[in-house]
Amino acid sequence: MTIMALRGIRGATTVAANTKEEIISATRELLERMVRENALAVGEIAAIFFSATPGLNAEFPAVAASRELGWKETPLICLQEIAVPHGLADCIRVLVQANTAKKQSEMKHVYLRGAKKLRDDR
């Protein structure tokens, strides 16, 4: 019998501009990569938390999952990131919670575009 556990997978990306198209495109790219890198089935995703820095308000990042990727059954929520003066601007962060038999240490976190500098160790 396979024992499943809830695991967290982090990801982040940046956008070039505060536009609906940029936010959706960058978020979709990030989600697709997170799913691919972790060999997840959409049904294994328990929930996804999205956060965006205060300057990004042209669209909800969750639209990329719900409308673009068709993940209609997945609980999604968008939050605003804390406005830390030295924080990375124009950044979308994602926390995917997934049911998997993998250990937390086996989860592959994904940082794209300008967000790569958030985790130089990955």
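For segment 96-114, the criterion of a residue being among the small types (Gly, Ala, Ser) and more than 28 Å from Ala5 (Cβ to Cβ) is satisfied by at least one position.
Taking segment 79-110 as the range and being basic (Lys, Arg) and under 16 Å from Phe60 (Cβ atoms) as the test, only Arg93 passes. Per the conditions (1) in contact with a helix residue (DSSP H, G or I) (Cβ under 7 Å, 6 or more places away or on another chain); (2) closer than 21 Å to Val42 by Cα; (3) crowded, with 16+ Cβ neighbours inside 10 Å, the sole criterion not satisfied by Cys91 is (2). Scanning segment 1-28 for residues that are surrounded by fewer than 16 Cβ atoms within 10 Å (Cβ to Cβ), farther than 13 Å from Gly55 by Cα and touching a residue at least 40 places away in the same chain (Cβ under 8 Å) gives Thr2, Ile3, Met4, Ala5, Leu6, Gly8. The set of residues from segment 56-82 being in a loop (DSSP other than H, G, I, E, B), surrounded by fewer than 13 Cβ atoms within 10 Å (Cβ to Cβ) and not charged (D, E, K, R) comprises Asn57, Gly70, Pro75, Ile82. Quick one: would you say Ala12 is within 14 Å of the chain's Cα centre (by Cα), farther than 15 Å from Val110 by Cβ and in a strand (DSSP E or B)? Here the answer is no, as Ala12 does not meet what is asked. For segment 60-69, indicate whether the set of residues that are in contact (Cβ under 8 Å) with a residue 60 or more places away in the chain and closer than 22 Å to Lys116 by Cβ is non-empty. Within segment 60-69, none of the residues are in contact (Cβ under 8 Å) with a residue 60 or more places away in the chain and closer than 22 Å to Lys116 by Cβ.
Laboratory data are not the source of any read-out in this text; all were calculated from the coordinates shown. All figures in this text were calculated on a predicted structure; none of them were measured in a lab. Cβ sites come from the backbone with ideal geometry, for glycine too, and all protein chains shown count toward neighbours.
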